[in-house]
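The values are calculated or read from the model by the stated rules, or taken from the named source; none is laboratory data. Because the structure is predicted, anything quoted here is derived from the model rather than measured. A quick note on method: Cβ atoms are made from the backbone with ideal geometry, for glycine too, and the neighbour counts reach across all protein chains shown.
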């Protein structure tokens, strides 16, 4: 499996070349965000591993690159990914999201499962570029609400989301049941 250092060493396609087009020009100088495409499974897996390490949740990271390829690039995927890159294809971070629905509002929404920027790439607008691309992709699909979770100890993330205009839903708890 690839490690985080491999992302700098790999030859990635440029965001506007070959098999896809950048979703947005640089929201931050030199940062482009594009939709992940078939063949990006290993890159996504490596970034998810980095997120697991940062979050001290390595023990929960059991997926493989083949899982990413199978779920993100199926004919009708239920989950979507965005990659932030430099113009020369260096990977900087990613966002993973999926559609939801609000029965109360009667509208679709989007849930941001993960947003992660490599630690050495932070404080340069990469997270903002990914979040804006996520918001734009959700709007294109008619979503009227964005939701996500953040770890309570992750003060930089909490501040980032507050600056983005989000509010904490204090009366809602997250439940999980493994199947």
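What the table below lists for this structure:
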{"item": "Any chance residue 29 is farther than 28 Å from residue 178 by Cα, in contact (Cβ under 8 Å) with a residue 60 or more places away in the chain, surrounded by fewer than 17 Cβ atoms within 10 Å (Cβ to Cβ) and in contact with a helix residue (DSSP H, G or I) (Cβ under 8 Å, 6 or more places away or on another chain)", "result": "no"}
{"item": "Checking residue 15 against (1) on the phi > 0 side of the Ramachandran plot; (2) modelled with pLDDT under 90, the condition it does not meet", "result": "(1)"}
{"item": "Residue tally, condition in a strand (DSSP E or B) and either free of Cβ contacts under 8 Å to residues at least 24 places away in the same chain or in contact with a helix residue (DSSP H, G or I) (Cβ under 8 Å, 6 or more places away or on another chain) (or both), over the range 100-112", "result": "4"}
{"item": "Index of the failed condition, residue 125 passing every other in (1) at positive phi; (2) exposed (fewer than 13 other Cβ atoms within 10 Å of the Cβ)", "result": "(2)"}
{"item": "Leading residue by the ranking (surrounded by the fewest Cβ atoms within 10 Å (Cβ to Cβ)) among those in the range 66-90 that are under 20 Å from residue 117 (Cβ atoms) and touching a helix residue (DSSP H, G or I) at 6+ places or on another chain (Cβ under 6 Å)", "result": "79"}
{"item": "Residue that is farthest from residue 93 (Cα to Cα) [pool: residues in the range 113-123 that are out of contact with any strand residue (DSSP E or B) (no Cβ under 8 Å at 6 or more places or on another chain) and not in a helix (DSSP H, G or I)]", "result": "123"}
{"item": "Members of the range 132-151 that are without any contact (Cβ under 8 Å) to a residue 40 or more places away in the chain and in contact with a helix residue (DSSP H, G or I) (Cβ under 8 Å, 6 or more places away or on another chain)", "result": "146, 148, 150"}
{"item": "Any hit, the range 147-168, residues being modelled with pLDDT under 95, outside any helix (DSSP H, G or I) and touching a strand residue (DSSP E or B) at 6+ places or on another chain (Cβ under 7 Å)", "result": "yes"}
{"item": "Of the criteria (1) under 30 Å from residue 30 (Cβ atoms); (2) without any contact (Cβ under 8 Å) to a residue 40 or more places away in the chain, which one residue 170 fails", "result": "(1)"}
{"item": "Total residues in the range 21-37, condition more than 16 Å from the chain's Cα centre (by Cα) and either on the phi < 0 side of the Ramachandran plot or at pLDDT 95 or above (or both)", "result": "5"}
{"item": "From 104, 134, residue being surrounded by 13 or more Cβ atoms within 10 Å (Cβ to Cβ) and either closer than 20 Å to residue 165 by Cα or at pLDDT 90 or above (or both)", "result": "134"}
